[in-house]
Amino acid sequence: MSTQIEKQETETEEQESEPAVESPGEKRREQKRQRQAEREAQRETEEATLDDEETVMLKVFRYDPEVEGKQEPRFDDFRVPFHKGMTVLDALIYARDRYDSSLTFRHSCRQAVCGSDALFVNGRQRLGCKTQLSELDGPVRIEPLPHQEVVKDLVVDMEHFYDQMHAVEPYFDPDEVPDDDLEEQRQTRENREKVKMSTRCIWCGACMSSCNIAAGDNEYLGPAAINKAYRFAMDEREGENRKQERLRIIEQEHGVWRCQTQFSCTEVCPKDIPLTEHIQELKRESVKNNLKFW
């Protein structure tokens with residue numbers, strides 16, 4: 001009898017010493033707390049290391065209409081390590097990955113081809129992936145593109161810009177096509193040189209953002225869309241009927257004649273497209289197209 005009682009007491013002690021079984025939710029919360037603690041420790045270590053390194057200060061525009069307490073626009077400061085060849089996009093990615101994962105901005109190719117990371121940096125429209133931090137005075141002030149609705153932080157709504165680009169019907173419609181499906185529609189070298197620069201547009205929206213006319217006239221086609229019209233209208237393979245239709249589109253009230261030749265679009269274009277010149281040439285084409293000699 002005594003042995004049985006001792007056995008029961010031993011089993012009770014073992015049961016009391018066993019840890020309570022955590023629920024899946026508690027485990028996840030505990031893991032989250034551990035990850036947060038690790039990130040905080042890593043951040044403190046990195047900040048201590050930064051004291052001995054060359055750094056650059058970023059002042060980044062922040063805005064989130066869906067989160068209470070972040071609905072008022074503000075600027076957050078991020079101190080990031082600087083190294084030769086570092087771009088604005090590199091610095092933003094570092095700040096997002098190391099300091100604040102909610103920091104929102106667009107980027108993709110990182111080779112100045114996709115046009116997704118156009119930003120307003122130190123008072124000028126630039127591509128984040130193409131802009132070297134070494135060329136900028138600090139602190140580096142980074143904002144979303146002006147004259148466009150801000151969705152969150154550095155992300156703007158590009159829908160209107162895309163609508164304007166599609167309004168000029170940016171596609172070929174030749175009068176004749178080769179009989180052989182494998183035969184190319186040939187273009188002279190001289191004509192290719194004429195339209196070459198206009199084909200470099202990456203749809204970044206920097207020129208539209210810099211245009212004072214576009215800021216005040218929401219219906220203005222804008223420099224990017226007019227440049228796209230130039231690319232097709234000046235191509236010798238374009239059908240004559242399509243060219244006439246395209247000229248009618250761009251010579252409307254909110255087309256080429258709204259341009260006041262300020263050259264702001266040309267100055268900020270990351271691909272060095274002579275946008276203002278293309279607009280002026282389309283003005284001349286429009287005048288010639290409407291001249292009557294009888």
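Just a few scattered comments:
- Eigen-decomposition of the gyration tensor built on the alpha-carbon atoms of the range 196-294 gives equivalent ellipsoid semi-axes of 22, 16, 11 angstrom, largest listed first.
- ³J(HN,Hα), Karplus 6.51/-1.76/1.60, whole Hz, each residue of the range 263-269, x for Gly, Pro: 6, 5, 5, 5, 5, 9, 4
- Helix axis angle, 275-290 relative to the chain longest principal axis, alpha carbon, degrees: 40 degrees
- Using alpha-carbon coordinates, inclination of helix 88-98 to the longest axis of the chain, degrees: 20 degrees
- Using alpha-carbon coordinates, inclination of helix 2-17 to the longest axis of the chain, degrees: 30 degrees
- Considering only 260, 164, 34, the Gaussian network model of the chain with Cα springs below 10 Å gives its largest mean-square fluctuation to 34.
- Here the range 212-257 exposes an accessible surface that is 37 percent carbon and sulfur, computed with a 1.4 Å probe and the other protein chains kept in place.
- Taken as Cα centroids, the range 82-121 and the range 184-224 sit 25 Å apart, rounded to the nearest whole angstrom.
- Left without a cysteine partner by the 4.7 Å Cβ rule in the chain: 129, 201, 204, 211, 259, 269.
- For the range 89-211, the per residue solvent-accessible surface stands at 55 Å², with DNA, RNA and ligands left out and a 1.4 Å probe.
- Based on alpha-carbon atoms, the Kirkwood radius and the radius of gyration of the chain give Rg/Rh equal to 1.25.
- Computed in the context of the full set of protein chains, the accessible area of the range 91-180 at 1.4 Å probe radius has 42% of its extent on carbon or sulfur.
The values are calculated or read from the model by the stated rules, or taken from the named source; none is laboratory data. Please read all numbers here as calculations on a predicted model, not as lab measurements. Backbone-built Cβ (ideal geometry, glycine too); neighbour counts: all protein chains shown. For the accessible areas, the whole protein counts, side chains as well, though only heavy atoms, and no ligand, DNA or RNA atoms are used. Shrake-Rupley method; radii C 1.70, N 1.55, O 1.52, S 1.80 Å.
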